[in-house]
1. From the set of residues in the range 121-145 that are polar (S, T, N, Q) and without any contact (Cβ under 8 Å) to a residue 40 or more places away in the chain, which is farthest from Glu75 (Cα to Cα)?
2. Restricting the search to the range 64-109, which residues are charged (D, E, K, R) and either over 14 Å from Lys29 (Cβ atoms) or in contact with an Asp or Glu (Cβ under 6 Å, 6 or more places away or on another chain) (or both)?
3. (1) at pLDDT 95 or above; (2) part of a loop (DSSP other than H, G, I, E, B): which one isn't true of Lys84, the others all being true?
4. When the range 82-91 is examined, which residues are found to be surrounded by 15 or more Cβ atoms within 10 Å (Cβ to Cβ) and touching a Ser or Thr at 6+ places or on another chain (Cβ under 8 Å)?
5. Restricting to the range 126-165, what's the tally of residues that are exposed (fewer than 15 other Cβ atoms within 10 Å of the Cβ), modelled with pLDDT of 90 or more and more than 20 Å from Glu107 (Cα to Cα)?
6. Kindly indicate the residue of the range 92-120 that is in contact (Cβ under 8 Å) with a residue 60 or more places away in the chain and of a type in the set (A, V, I, L, M) and also surrounded by the most Cβ atoms within 10 Å (Cβ to Cβ) among those meeting that condition.
7. Would you confirm whether or not the range 62-81 contains a residue that is touching a Ser or Thr at 6+ places or on another chain (Cβ under 7 Å) and farther than 23 Å from Gln14 by Cβ?
8. Name, by its number, the condition in (1) at pLDDT below 95; (2) over 22 Å from Gly27 (Cα atoms); (3) among the polar types (S, T, N, Q) that does not hold for Thr123.
Amino acid sequence: MKLNIVLVEPEIPQNTGNIARTCAVTGGKLHLVHPLGFSINEKTLKRAGLDYWDKLDIEEHQSFEMFLQKYKPEENNMFFVTTKGKHIYSEPNYSEMEEVFVLFGKETKGLPENILVKYIDKTIRIPMKSTLRSLNLSNSVSIVVYDILRQKEFEGLQEISNYFDDKGII
């Protein structure tokens, strides 16, 4: 399966660095939609995922409109993550999908309201207390990514530890 993580106008370089590292270790492709709230060359961005940056499959898009023209939601398995989502992130059956796009909005505002309304049936959320605003962006990405991978039985990822044998730690 091809997993695509799309960050629409991310603002905090440390979050993007952590997400880049998650994409690198899981084989996911990272899409960065401009404008970004930082320079891609910033030390703080690369610090979180520096030793993985060269192993990252990354694509940049000059605007959200350009991303949506290239990867049409009507033609792709595309999910929009929002605290207002119609479905819980674990409801879709990702195991039968060959390619998945998971979109996350900027830290301060999320995804554009008009997009959420237009694609309401493709919106997903992470359950949390109603009295609190939201989870950290990089934590949210990890939760959704690993549930998709779990449904695909961690296909293509290391399943057996190289550090243990039947006698303990190697």
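The values are calculated or read from the model by the stated rules, or taken from the named source; none is laboratory data. Remember, it's a predicted structure, so these values are computed and weren't measured experimentally. Virtual Cβ from ideal backbone geometry, glycine too; neighbours counted across all protein chains shown.
1. Step one: of the range 121-145, the residues polar (S, T, N, Q) are 123, 130-131, 134, 136, 138-140, 142.
Narrowing further to those that are without any contact (Cβ under 8 Å) to a residue 40 or more places away in the chain: 130-131, 139.
Values: Ser130: 33, Thr131: 36, Asn139: 28 Å.
Filtering first and then ranking leaves Thr131.
2. Once the filter is applied, which keeps residues that are charged (D, E, K, R) and either over 14 Å from Lys29 (Cβ atoms) or in contact with an Asp or Glu (Cβ under 6 Å, 6 or more places away or on another chain) (or both), the range 64-109 yields Glu65, Lys72, Glu74, Glu75, Lys84, Lys86, Glu91, Glu96, Lys106, Glu107, Lys109.
3. All conditions are met except number (1).
4. Thr82, Thr83, Gly85, Lys86
5. Count: 4.
6. Only one residue fits best here, namely Leu103.
7. Yes, because at least one residue in the range 62-81 is touching a Ser or Thr at 6+ places or on another chain (Cβ under 7 Å) and farther than 23 Å from Gln14 by Cβ.
8. All conditions pass for Thr123, except number (1).
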